[in-house]
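Remarks on the structure that follows.
The values are calculated or read from the model by the stated rules, or taken from the named source; none is laboratory data. Computed from a prediction, not measured in an experiment: that's the story for all the values here. In this analysis, Cβ positions are derived from the backbone assuming ideal geometry, glycine residues included, and neighbour counts consider all displayed protein chains.
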Amino acid sequence: MTDYTRTSSAIYDRIGSGYDRTRRADPTLAAEIAKLLDVPFPEPVLDIGCGTGNYTIAVADRRVVTIGLDQSTLMLRRARVKEPRLEWVAGDAEALPFSDGSFAGAFCTMTLHHLRDFDAVFSEIARILKPGGRFVAFTAFPEQAQQFWLNAYFPELMRRAVERMPSRQRIESALATAGLRLSELVSFNVPEKPVDFVLYCGKHRPELYFDAKVRGNIFAFTALDLGQEIGEGLAKLDADLESGSFAETRASFSDTLGDYVLLVAEKR
C-alpha cells in the first residue's frame, strides 16, 4: 500500500482547527461502536486515530472508559479542550505507547485507509488487547465506495480514494497474522441528515458538496490535488440538480452492500 501516513498527518494538522465544524460524532454510529466493543465498565478501550476526539467522547458518554490516541498534536489539543477529563495520548499506531494487555477493547473510525503497515498496526493492537478483547473498525470497502454516486462526478478522485481503501481480504489476512479473528461485519448507511460529514455525507443531500468547509474536512477532497476535476464535477452536479437529471444518475448507483461497514475482530 502507498505510504500516506505522513501526508495524512500533515493534512489533519492543517485542518484540525476547523475540523469540528463539519465532523461531529454520529450518535447511531457511536452507540453501535460501544455495543460491538461489549466492554464491561470500567475496563478501558483505546480510540486509535482519534482526531479531535468526537467518537472518543461519544463512546465514553455511553459508559465506556475511553482513551484517545492520535499523531496530530493539533487535533489532540482540540480534543483536550473539549473534554479535559479524558486521557489523550500522542502516538503512532505502529508503535502504541502502552504495555501488553492494557485494554479490553480498541476501535477506530475512518482510519484504516491512512495506515502504512497493516501487519505492524494490527500486531500492536493485538499486543495491547487483553485475551478476548475486541477491535472495532469503521471503514468502507472498495466495492462499497464504487457504488457511491460521487463516481459519476469525480471519477479520478474516487478512483484514487478507492485505491487507498483496504479490501476485506487484505484486512482479514493482516488480522489473522496478528492473532485477531474477524468475527462480525455490520453495514452502516449514511443517514438522511448526517452530522459527520465523511466522504459520502451527501448521499441524500448532494448540495453539501458545494460547501467548501465540508469538502475541506474530507481527506479525498483536500489531499488528492484534483482541483480542476472537483470544479468541473461540482459544475456538472449543479447543472444536473437544476435540470432534474441528477435523480437518474443517483438511481443508477446501488447501496445494496451498505455505504460503510463496522468490522469486528477478537483477540484469540
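Going by the structure shown, is C50 in a loop (DSSP other than H, G, I, E, B) and either crowded, with 23+ Cβ neighbours inside 10 Å or in contact with a Ser or Thr (Cβ under 7 Å, 6 or more places away or on another chain) (or both)? Yes: the conditions hold for C50. If you check F148, F118 for being crowded, with 21+ Cβ neighbours inside 10 Å and either modelled with pLDDT under 95 or of a type outside the set (G, A, S) (or both), only one passes: F148.
Pairs meeting the criteria (first residue in the stretch 186-202 and among the hydroxyl-bearing types (S, T, Y), second residue buried (at least 16 other Cβ atoms within 10 Å of the Cβ), beta carbons under 6 Å, at least 6 apart or on different chains) are S187/G258; S187/V261; Y200/F148; Y200/V190; Y200/D259. Please indicate, with yes or no, whether at least one residue in the stretch 248-256 is at pLDDT 95 or above, closer than 30 Å to R181 by Cβ and buried (at least 19 other Cβ atoms within 10 Å of the Cβ). No, there is no match, as no residue in the stretch 248-256 is at pLDDT 95 or above, closer than 30 Å to R181 by Cβ and buried (at least 19 other Cβ atoms within 10 Å of the Cβ).
In the set A220, A212, A178, A174, which member is touching a Leu at 6+ places or on another chain (Cβ under 7 Å) and hydrophobic (A, V, I, L, M, F, W, C)? First the steps, then the outcome.
Values: A212 fails: touching a Leu at 6+ places or on another chain (Cβ under 7 Å); A178 fails: touching a Leu at 6+ places or on another chain (Cβ under 7 Å); A174 fails: touching a Leu at 6+ places or on another chain (Cβ under 7 Å).
Among A220, A212, A178, A174, only A220 is touching a Leu at 6+ places or on another chain (Cβ under 7 Å) and hydrophobic (A, V, I, L, M, F, W, C).
Can you confirm whether the stretch 190-213 contains a residue that is β-branched (V, I, T) and touching a helix residue (DSSP H, G or I) at 6+ places or on another chain (Cβ under 7 Å)? Taking every residue of the stretch 190-213 in turn, none turns out to be β-branched (V, I, T) and touching a helix residue (DSSP H, G or I) at 6+ places or on another chain (Cβ under 7 Å).
With the condition kept exactly as written, say whether any residue in the stretch 209-219 is touching a residue at least 12 places away in the same chain (Cβ under 8 Å), within 20 Å of A30 (Cβ to Cβ) and surrounded by 15 or more Cβ atoms within 10 Å (Cβ to Cβ). Scanning the stretch 209-219, I find at least one residue that is touching a residue at least 12 places away in the same chain (Cβ under 8 Å), within 20 Å of A30 (Cβ to Cβ) and surrounded by 15 or more Cβ atoms within 10 Å (Cβ to Cβ), so the answer is yes.
D196: closer than 19 Å to A25 by Cβ and modelled with pLDDT of 95 or more, yes or no?
yes
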